[in-house]
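Below is one structure, written out as structure tokens; comments come after it.
The values are calculated or read from the model by the stated rules, or taken from the named source; none is laboratory data. In this text, all values refer to a predicted model and were calculated from it rather than measured experimentally. Positions of Cβ are backbone-derived with ideal geometry, glycine not excepted, and every protein chain shown enters the neighbour counts.
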Amino acid sequence: MDDLKEEMMNAEEGLQIGPLIDVVFLLLIYFILTSSLKSPEGDLGIALPGSQAISETINMPDEQMIEITADGDINLNNNLFPSNGGRNLPELVTLLQRYKSASDAANNKAMITIQAENTTQYQRVIDVLNACAQADIKHVTVGMGDEE
């Protein structure tokens with residue numbers, strides 16, 4: 001019987017789990033109250049397009065596409081600039097300057113899309129970008145990959 005009393009006394013001196021459970025519950029309540037819920041997509045306000053009367057005319061930008069082949073040949077509006085012409089492209093710059101002035105006269109943005117094949121050397125793309133910069137064309141998009 002004395003052994004049983006000693007075991008009970010040793011058990012009472014051990015770790016008290018009651019206060020630990022209280023602390024865990026307080027932490028759980030704290031994290032639940034301070035967390036913010038993410039709103040589901042269904043609650044977002046979305047305005048779907050509808051038909052409206054347009055009161056003013058819209059100037060659509062004029063866009064030209066420059067194609068660069070894997071060999072380095074440049075094609076703009078059936079004007080072929082071969083790769084053996086060197087890195088400076090004065091004819092392309094002249095053509096782009098005429099395009100820029102025509103777009104400015106029509107009050108449109110001059111936009112260029114450069115489409116190069118996957119195996120095109122990057123230097124040729126840089127040459128075309130330099131020609132666009134010399135012609136003061138700022139809206140340039142570059143796409144890589146084969147067109148099919």
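At a glance:
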{"quantity": "Asn88, sole failed condition from (1) modelled with pLDDT under 85; (2) closer than 18 Å to Val128 by Cβ; (3) not in a loop (DSSP other than H, G, I, E, B)", "calculated": "(3)"}
{"quantity": "Count of residues meeting criterion [assigned to a loop (DSSP other than H, G, I, E, B) and closer than 20 Å to Thr94 by Cα] in region 108-148", "calculated": "6"}
{"quantity": "Per-region count, region 19-36, residues surrounded by 10 or more Cβ atoms within 10 Å (Cβ to Cβ) and within 39 Å of the chain's Cα centre (by Cα)", "calculated": "1"}
{"quantity": "Considering residues of region 100-127 that are within 23 Å of the chain's Cα centre (by Cα) and of a type in the set (A, V, I, L, M) only, the residue nearest to Ile66 (Cα to Cα)", "calculated": "Ile114"}
{"quantity": "Pairs where the first residue, in region 81-98, is under 22 Å from Lys109 (Cα atoms) and the second is among the aromatic types (Phe, Trp, Tyr) and crowded, with 16+ Cβ neighbours inside 10 Å, C-beta under 8 Å, 6+ apart", "calculated": "Glu91/Phe81; Leu92/Phe81"}
{"quantity": "Candidate set: region 7-18, residues that are modelled with pLDDT of 70 or more and either hydrophobic (A, V, I, L, M, F, W, C) or in contact with a strand residue (DSSP E or B) (Cβ under 9 Å, 6 or more places away or on another chain) (or both); chosen: the one surrounded by the most Cβ atoms within 10 Å (Cβ to Cβ)", "calculated": "Ile17"}
{"quantity": "Count - residues of region 91-116 that are under 16 Å from Ala133 (Cα atoms) and surrounded by 14 or more Cβ atoms within 10 Å (Cβ to Cβ)", "calculated": "15"}
{"quantity": "Criterion: in a helix (DSSP H, G or I), touching a Cys at 6+ places or on another chain (Cβ under 9 Å) and at pLDDT 85 or above - qualifying residue of Val23, Val93", "calculated": "Val93"}
{"quantity": "Selected residue (only one of Leu80, Leu4, Leu48 is in a loop (DSSP other than H, G, I, E, B), at pLDDT below 85 and hydrophobic (A, V, I, L, M, F, W, C))", "calculated": "Leu48"}
